[in-house]
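Undergrad: The structure under discussion is supplied below as C-alpha cells; questions concerning it will follow.
The values are calculated or read from the model by the stated rules, or taken from the named source; none is laboratory data. No experiment lies behind these values; they were computed from the predicted model shown. Using ideal geometry, Cβ is built from the backbone for each residue, glycine included, and neighbour counts are taken over all protein chains shown.
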Amino acid sequence: MVPLCFVLMPFGKKPAADGRLVDFDAVYESLIKPAVIAAGLEPLRADEEMTGGVIHKPMYERLILCEYAVADLTTANANVFYELGLRHAIRPASTVLLFAQGLGQLPFDVAPLRAVPYQLGADGKLPANGTDLDMVTSKLREARKMMTDSPVFQLVEGFPDIKRLKTDVFRDRVQYSTTLRQKLTQARKEGIGAVRAVEQELVSVYDVEAGVVIDLFLSYRAVKGWTDMIALVEKMSAPLAATVLVQEQLGLALNRAGRGAEAEGVLLDLLANRGPSSETYGILGRVYKDRWEEALKLGEKSLARGLLDQAIAAYLKGFETDWRDAYPGVNAVTLMELKEPPDSRREQLILIVSYAVERRIASGKPDYWDHATLLELAVLAKCQQKAELALADALAIIRESWEPETTARNLRLIREARERRNEEIKWAQEIENELTRRLKQ
C-alpha cells in the first residue's frame, strides 16, 4: 500500500500581499500533486474526500494518521497554520513546508523552519517551464528518511515508544463514545457474534471516528475473528487503513486466516515503505514460524530448516530494532532452542532479553506479555522458581484468551524439542498444563 501524503493548503484563488491572485488549485495540480506521486506517495487533499459529519474529525484524523504531509504556507492562511501546528505536535517527522517566493516574508514563528520556495508568475500561476517540481520531489524523498522536522520534537525530549505497545494501548488512549466502548468490552466476553452485532450498529465504518474503528478491529482480534478483521480494513478510510498499526494487525489476521503469503506481502511492504519495526518483524517471524510447523507436519525437513532460520532471523531483526521490546527477542531464543542441535547463541541472548523485560516491568507498566516472556525465558533457562513466579503474575493479568494460548503453544514446542533430546522437565509440563486449563475456563 502506497503511503498517504496529506496536503495542507488553501483552496481556489486567494490574494497575496503584493496584490497577486494565487491560484492554489493550479499549484496543487501542477506542482504538489505530481511531486508527491513522483516521490512514491499518494496525495490526499482535504476537498478530495467527501465525508459525512463534522469536518473537523476527518481533518484531525488525516493530520494525525497520514504518514506524510505537505503544507503550503503562502499567504499565511490561518487554517493551514493551525493544521501545521497540530501536525508538528503529533508527528516528529515527514512534514514538508512550501511557500511561493517573493510574496512577503514568512511569519516569525515559522521563519526558522526549512521551507521549499517555488516560483509564481505575475498571474499567480506557476511558470510554464518551472524547475520547482524536481526540488519538491527531492524534499519529499528526503522526508521518507524520517529525519525529525517538527520543532516540538526537536526541542522537547522524552517521547519513548515501543512499537508493539501501541497496538494494545491505542484504544485506551483515544476518546470515543462511552456507550460503544462499554458494548465492545462486553462483546469481547460474549464472543464473535456479539462483536459483529456492535459493528452492525455503526451506520458507516468509513465515517466513524478512528478510536471506535480501532477498538472494533482489536475486539475482533480478541475473539479470533480473523476474517472479520480483514473485511473491516476494506471498510476503513484510506488514511486509517494505511496506518502501520492497522497494516501490522492485518498481516497478523491474514496469517491466522491461513493466508500466509498475503500476510508476508503486507509485512514486507511495511518494512520497505515504513522502515524497520519490532512489531512488524515480530509478526513476520510468526508467519515463518507457522510455515515451519506446517512443513514439519508434512515431513518436509529441508524446507522446515530453512523456514526456521527465516523465523529466527526475523525475530532477531525485530529485537535489534528496539532492544526494549523483549517479545521478538524471546521468540528468537525459543526457536534457537528448537533447532537440532540448539543454536548456541541462545544462552547469551537469554540474559539480554531477560534484562530488557525486567527493565520494562520495573517501569511500573507491565502487561501480560512481560510476565509471559519471563515465564518462557525461565523455562528455557530451566529455572523452576522464576518460572512459577512469572506464571502467577501472568495469569493474574490475562486480558484476551489468545494470549495464554500463544504462551502454551511456545512451551509445548520447547517441551517437544527437549523430549526428542531426552531432556524431559516435569515441572515445565505442569506449567504448560496450567495455561491450557486456563483456556478451557
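Undergrad: Pick out, from the stretch 190-291, the helices (runs of 4 or more DSSP H) lying fully within it that include 1 or more residues that are under 16 Å from the mean Cα position of the chain (by Cα).
TA: 210-222, 226-235, 238-241, 244-256, 260-274
Undergrad: Can you tell me which residues in the stretch 3-20 are exposed (fewer than 12 other Cβ atoms within 10 Å of the Cβ) and farther than 17 Å from Asp123 by Cα?
TA: none
Undergrad: Something else about it: Consider Arg45 carefully, then state whether it is at pLDDT below 85 and under 28 Å from the mean Cα position of the chain (by Cα).
TA: no
Undergrad: Evaluate the following for Glu248: is it surrounded by fewer than 16 Cβ atoms within 10 Å (Cβ to Cβ) and either farther than 28 Å from Ser94 by Cα or out of contact with any Pro (no Cβ under 6 Å at 6 or more places or on another chain) (or both)? Lay out the reasoning, then the answer.
TA: Working: surrounded by fewer than 16 Cβ atoms within 10 Å (Cβ to Cβ): no; either farther than 28 Å from Ser94 by Cα or out of contact with any Pro (no Cβ under 6 Å at 6 or more places or on another chain) (or both): yes.
Considered against the rule, which asks whether it is surrounded by fewer than 16 Cβ atoms within 10 Å (Cβ to Cβ) and either farther than 28 Å from Ser94 by Cα or out of contact with any Pro (no Cβ under 6 Å at 6 or more places or on another chain) (or both), Glu248 comes out as no.
Undergrad: Taking into account only those residues within the stretch 418-441 that are modelled with pLDDT of 90 or more and in contact with a Leu (Cβ under 9 Å, 6 or more places away or on another chain), which is nearest to Cys383 (Cα to Cα)?
TA: Among residues in the stretch 418-441 that are modelled with pLDDT of 90 or more and in contact with a Leu (Cβ under 9 Å, 6 or more places away or on another chain), the one nearest to Cys383 (Cα to Cα) is Ala428.
Undergrad: Note down all Cβ pairs under 6 Å where the first residue falls in the stretch 87-98 and is outside the structural domain of Leu31 (by TED's automatic domain parsing), the second is surrounded by fewer than 16 Cβ atoms within 10 Å (Cβ to Cβ) and at pLDDT below 85, and they're at least six residues apart or on different chains.
TA: Within 6 Å, no pair qualifies.
Undergrad: Hey, another quick one. Read through the list (1) surrounded by fewer than 16 Cβ atoms within 10 Å (Cβ to Cβ); (2) modelled with pLDDT under 80; (3) farther than 21 Å from Leu133 by Cβ, then give the number of the only condition that Glu61 fails.
TA: Result: Glu61 passes all but (1).
Undergrad: Going through the stretch 207-220 one residue at a time, which ones are under 14 Å from Gln247 (Cα atoms) and surrounded by fewer than 20 Cβ atoms within 10 Å (Cβ to Cβ)?
TA: Once the filter is applied, which keeps residues that are under 14 Å from Gln247 (Cα atoms) and surrounded by fewer than 20 Cβ atoms within 10 Å (Cβ to Cβ), the stretch 207-220 yields only Leu218.
Undergrad: Scan the stretch 341-351 and give yes if some residue there is at pLDDT below 90, part of a loop (DSSP other than H, G, I, E, B), out of contact with any Gly (no Cβ under 9 Å at 6 or more places or on another chain) and closer than 23 Å to Leu284 by Cα, otherwise no.
TA: no
Undergrad: Sticking with this structure for a sec: Would you mind finding the one in Leu391, Leu380 that is touching a residue at least 24 places away in the same chain (Cβ under 8 Å) and under 24 Å from Leu316 (Cα atoms)? Full working, then the answer.
TA: On the way: Leu391 fails: under 24 Å from Leu316 (Cα atoms).
Unique residue meeting the criteria: Leu380.
Undergrad: Taking the conditions exactly as written (among the acidic types (Asp, Glu) and buried (at least 18 other Cβ atoms within 10 Å of the Cβ)), does Asp393 satisfy them or not?
TA: no
Undergrad: May I ask you to say which residue of Glu300, Glu248, Glu294, Glu262 is over 23 Å from Leu351 (Cα atoms) and touching a residue at least 12 places away in the same chain (Cβ under 8 Å)?
TA: Glu248
Undergrad: For Gly158, which of the numbered conditions (1) over 18 Å from Leu31 (Cβ atoms); (2) of a type in the set (Gly, Ala, Ser); (3) at pLDDT 80 or above fails to hold?
TA: Every listed condition holds for Gly158 apart from (3).
Undergrad: Taking Leu435 as the residue in question, decide whether it is in a helix (DSSP H, G or I), touching a residue at least 12 places away in the same chain (Cβ under 8 Å) and under 18 Å from Tyr355 (Cα atoms).
TA: no
Undergrad: Return the residues of the stretch 267-316 that are within 16 Å of Gln249 (Cα to Cα), of a type in the set (A, V, I, L, M) and touching an Asp or Glu at 6+ places or on another chain (Cβ under 8 Å); say none if nothing qualifies.
TA: Hits for the stretch 267-316 are Leu267, Leu270, Ile283, Leu284, Val287.
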